[in-house]
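Step one of this worksheet: look at the structure below.
Any read-out appearing in this document is the output of simple, stated calculations on the displayed coordinates, not a laboratory observation. All of these numbers come straight from a predicted model, not from anything done at the bench. FYI the Cβ positions are ideal-geometry reconstructions off the backbone, even for glycines, and counts take in every protein chain you see.
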Amino acid sequence: MKRKSNILLIYTGGTIGMVKDYKTGALKAFNFEELVKNIPELKQLDCNLRGVSFEKPIDSSNMNPTYWALIASIIEEHYEDNDGFVVLHGSDTMSYSASALSFMLEHLSKPVIFTGSQLPIGDLRTDAKENLITSIEIAALRENGKPVVQEVGLYFEYKLYRGNRTTKINAEHFEAFASLNHPPLVESGVHLKVHENYLLQKPAKRKKMLVHKKMDNRVAVLKLFPGLNQKVLQSMLNIPDLRVLILETYGAGNAPMDEWFLNGLKSAKKNGLHIINVTQCSGGSVFMGHYETSEKLKEMQLVNGKDITTEAALAKAMYLLGTGISDKLFKTIFETPLRGEMV
Ligand code: ASN
C-alpha cells in the first residue's frame, strides 16, 4: 500500500490568517488553530498534516533575515520526518523569502512551497483555500517514492512558480505574482499539470541538505530614474561598510552616460564595492554592450545580473556574503546559476 505523505505546514502570518480588528478596521494576524479551524477541508486530504507556527505570526512587511533563519531551522529540524513543507506567508515579501530560502537550503530534495492569499481565510470570497489546499497537494506529489518538486516554489492562483523567479506584481488581484523569465512548474486545472522540463534537474545521487543561516545584509538597492542626482548616488556609494550595491538599471541594463555617474561607480568599485547590474523590468535580461548606454558598465566589469529578479539578487548577495566568499570570487559565483535563479 502507498504510504501517505507527511506534510509540515509552517505558519508565519500574512493576510491568509488575519481578522479585522473591530475597533480600528485594520487586518491583524490570528493564531494557527483558528486558521485550520476555518478550513475543515484539510481533513479530507490524503496526507498526514502537521503544523508549526511562529510564536507571534507577522505581517510579511516585518519579514527579515532572522525570520528566514527561523524558517530554515524549522525545515532543518523536521526535514527527515516530512516529505514536503508548505510555508504560509504574507504575499508582500513572499518573493524575497522564497528567494532567500532557495539559497539557504542547499541540496534541497523535497518541496518547500510558499503560499498565502489576498483575502483572509474567513472571507467568503477568499482565495486562501484553493492556494493552501493545492499547495499541500503539490507538496505531497511523489513519483517512484520521490518528491516530484525538489525545490522552493511559490504557489498562487493556480500556478506553482520557482520561488526565486517570482515578483509580486499586483496588490489587488488574486493573480498577484508573475515569473516572466521562467514558466510555471505546475498548473492547476481539472488536473495538476506538472511541467517536468521546467523543474530543477534532480541530481543522480541525493546529497545531504546544507542549511545556511547566515545572511549578510550589508547590501543596498539603487533604482535608476531620470533625474537621479549626484548627491543621492554619492551618499549611497559612501555608505560605510556597504559590500554590494544592486543597481536597478533601465531595459537591457542601461544607465545614463554622465561622467559623474560613471566615475562614481568606477571609484566605488575600485574601493571594493560589488555593483550588480539588474534590470528594473520584470521580464527580459541585462545585455551589457547592446546599447551605447551600457558599454561603459561592461568595460567597468559590473557584475552581470542577467535575467535575475531584484528579490533573488538581494537574497543571493546576502547569501554569498554570508558564506564569507572572497572578493575575487564574488563576481564569478554571482554570475553562475546556483538554484535556477538565472540563465
Ligand atoms: N500585508 C500582507 C502580508 O504580506 C499582504 C498579504 O498577505 N496579502 O503579510
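Computed values, structure above
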item	result
The listed residue being more than 16 Å from the ligand (Cβ to nearest atom) and more than 21 Å from residue 166 (Cα to Cα), out of 43, 56	43
Qualifying residue in the stretch 148-158 (condition: out of contact with any Lys or Arg (no Cβ under 8 Å at 6 or more places or on another chain) and surrounded by fewer than 21 Cβ atoms within 10 Å (Cβ to Cβ))	yes
Residue list for the stretch 41-54, restricted to those being out of contact with any strand residue (DSSP E or B) (no Cβ under 6 Å at 6 or more places or on another chain) and not in a helix (DSSP H, G or I)	45, 46
Tabulated pairs, the stretch 1-24, first at negative phi, second away from the ligand (no atom under 16 Å from the Cβ) and part of a loop (DSSP other than H, G, I, E, B), C-beta under 7 angstrom, 6+ apart or interchain	4/46; 5/83; 6/81; 6/82; 6/83; 7/82; 7/83; 8/82
Residue list for the stretch 1-52, restricted to those being more than 23 Å from residue 69 (Cβ to Cβ) and of a type in the set (S, T, N, Q)	5, 6, 15, 24, 38, 44, 48
Of the criteria (1) away from the ligand (no atom under 13 Å from the Cβ); (2) outside any helix (DSSP H, G or I); (3) closer than 26 Å to residue 217 by Cβ, which one residue 68 fails	(2)
Top-ranked residue in the stretch 1-57 [being over 25 Å from residue 101 (Cβ atoms) and β-branched (Val, Ile, Thr); ranked as surrounded by the fewest Cβ atoms within 10 Å (Cβ to Cβ)]	24
Which listed residue, of 333, 275, 325, is in a strand (DSSP E or B), surrounded by fewer than 23 Cβ atoms within 10 Å (Cβ to Cβ) and among the aliphatic types (A, V, I, L, M)	275
Residues of the stretch 6-40 satisfying the condition of being within 16 Å of the ligand (Cβ to nearest atom), among the hydrophobic types (A, V, I, L, M, F, W, C) and in a loop (DSSP other than H, G, I, E, B)	26, 30
Contacts under 7 angstrom Cβ, first residue in the stretch 117-141 being over 19 Å from residue 175 (Cβ atoms), partner within 16 Å of the ligand (Cβ to nearest atom), 6 or more apart	122/19; 122/38; 136/86; 139/86; 139/113
Cβ-Cβ under 6 Å pairs, at least 6 apart or on other chains, the stretch 84-98 side under 15 Å from residue 177 (Cα atoms), far side within 9 Å of the ligand (Cβ to nearest atom) and part of a helix (DSSP H, G or I)	89/60; 90/60; 92/60; 92/61; 93/60
Within the stretch 291-343, tally of residues that are farther than 19 Å from residue 200 by Cβ, in contact (Cβ under 8 Å) with a residue 24 or more places away in the chain and among the charged types (D, E, K, R)	4
Unmet criterion (only one of (1) surrounded by 24 or more Cβ atoms within 10 Å (Cβ to Cβ); (2) within 15 Å of the ligand (Cβ to nearest atom)) for residue 102	(2)
Single residue of the stretch 159-191 satisfying the filter (of a type in the set (A, V, I, L, M) and within 22 Å of residue 137 (Cα to Cα)) that is nearest to the ligand (Cβ to nearest atom)	176
